[in-house]
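The values are calculated or read from the model by the stated rules, or taken from the named source; none is laboratory data. Since the model is a prediction, treat every value here as computed from it, not as a measurement. Because the Cβ atoms are built from the backbone with ideal geometry, glycine has one as well, and the counts that use them run over all protein chains shown.
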Amino acid sequence: MSATPDSNFRLEQACASDDSIQQVHAQLQKTKPEKTNGYSMLPLALLGLMCSAIFFGSIYLAHYSLRFDPLVYNEHANRAKPGAAKVVALTRAQLGKKVFNMTCITCHQATGLGQAGLYPPLVGSEWALGDPERVVRIVLHGLNGPITVKGTVNNNVMAPLGETLKDEQIANAISYVRSEWGNNASEVEPEMVAKVRAETASRKTYWTAEELLKIGK
Ligand code: HEC
């Protein structure tokens, strides 16, 4: 039986050696378009541009942001004459106004007069103007129960603010309270707040007026 060309082909395919297969494959490989090696230039340049933007951006922020500290940031600084750059050093009380307006104002009001029967006044208050040892304690751990302010008994609760405010913010806010609305008492330093904070670190509850009267003078 003589083989047809077709069956010849099949025969050849069936007994194709590894060698011949590899040859065929090698030929096929040759015709493939060459693979591009590495990255193309445009995305690489964009990546570099982005990296340098982030790099310079972070250096700029590190230099000029002052760590975004609200105590340092002062939008009222005089920028009118760039030549005569004069750093206006704000007093504790001036810095404290921001803290007061952020925190204390909701209850004690912008006038410092509070709200009768709810929030006692800070204006002319013997507590606000008295021993800072007591005022700092009130702000750190809060106040609960009856307290006589300017002859009127107030019986409410002031929440502790020691967790939310830093020593410096507390010192500034109290300094503001003690010198605003005609009040005229000494400034309070952050070191003093730190000292009281350390002394009362184990305290977990609000102060009472009775307790505070035993502290300081
Ligand atoms: C959530 C309301 C509230 C906030 C916020 C608040 N207080 Fe008070 N504060 C009170 C109340 C209420 C009392 C009286 C508590 C009582 O009756 O026992 C009080 C009492 C005081 C007193 C003693 C009494 C007086 O009138 O002098 C001082 C001082 C004081 N607060 C200062 C501050 C300062 C400073 C801040 C901000 C750092 C502040 N308070 C934030 C509600 C508040």
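Before moving on, here are some points about what is shown:
- Candidate set: the range 188-213, residues that are under 26 Å from the mean Cα position of the chain (by Cα) and surrounded by fewer than 14 Cβ atoms within 10 Å (Cβ to Cβ); chosen: the one modelled with the lowest pLDDT: LYS204
- Which listed residue is under 19 Å from ARG92 (Cβ atoms) and among the polar types (S, T, N, Q), from ASN144, ASN183: ASN183
- Considered as a group, the residues in the range 124-156 that are touching a Gly at 6+ places or on another chain (Cβ under 7 Å) and not in a helix (DSSP H, G or I) include one that is nearest to the ligand (Cβ to nearest atom), and that residue is ASN155.
- Selected residue (criterion: nearest to PRO190 (Cα to Cα)) from residues of the range 104-145 that are β-branched (Val, Ile, Thr) and in contact with a helix residue (DSSP H, G or I) (Cβ under 8 Å, 6 or more places away or on another chain): VAL136
- Of all the listed residues (ILE174, ILE138), the sole one being crowded, with 18+ Cβ neighbours inside 10 Å, in contact with a Phe, Trp or Tyr (Cβ under 8 Å, 6 or more places away or on another chain) and not polar (S, T, N, Q) is ILE138.
- Within the range 157-196, the residues that satisfy the criterion of being of a type in the set (Lys, Arg) and within 14 Å of the ligand (Cβ to nearest atom) are LYS166, ARG178.
- Check on GLU163, surrounded by fewer than 18 Cβ atoms within 10 Å (Cβ to Cβ) and within 25 Å of the chain's Cα centre (by Cα): yes
- In the range 85-123, the residues that are among the small types (Gly, Ala, Ser) and part of a helix (DSSP H, G or I): ALA93, GLY96
Every residue, every condition in (1) more than 20 Å from VAL157 (Cβ to Cβ); (2) surrounded by fewer than 20 Cβ atoms within 10 Å (Cβ to Cβ); (3) hydroxyl-bearing (Ser, Thr, Tyr), yes or no:
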| site | (1), (2), (3) |
| --- | --- |
| ILE105 | no, yes, no |
| THR111 | yes, yes, yes |
| LEU122 | no, no, no |
| LEU129 | yes, yes, no |
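- Of the residues making up the range 150-165, those that are of a type in the set (Val, Ile, Thr) and more than 22 Å from ASN183 (Cα to Cα) number 2.
- Extreme residue, farthest from the ligand (Cβ to nearest atom), among residues of the range 87-103 that are among the aliphatic types (A, V, I, L, M) and surrounded by 13 or more Cβ atoms within 10 Å (Cβ to Cβ): LEU90
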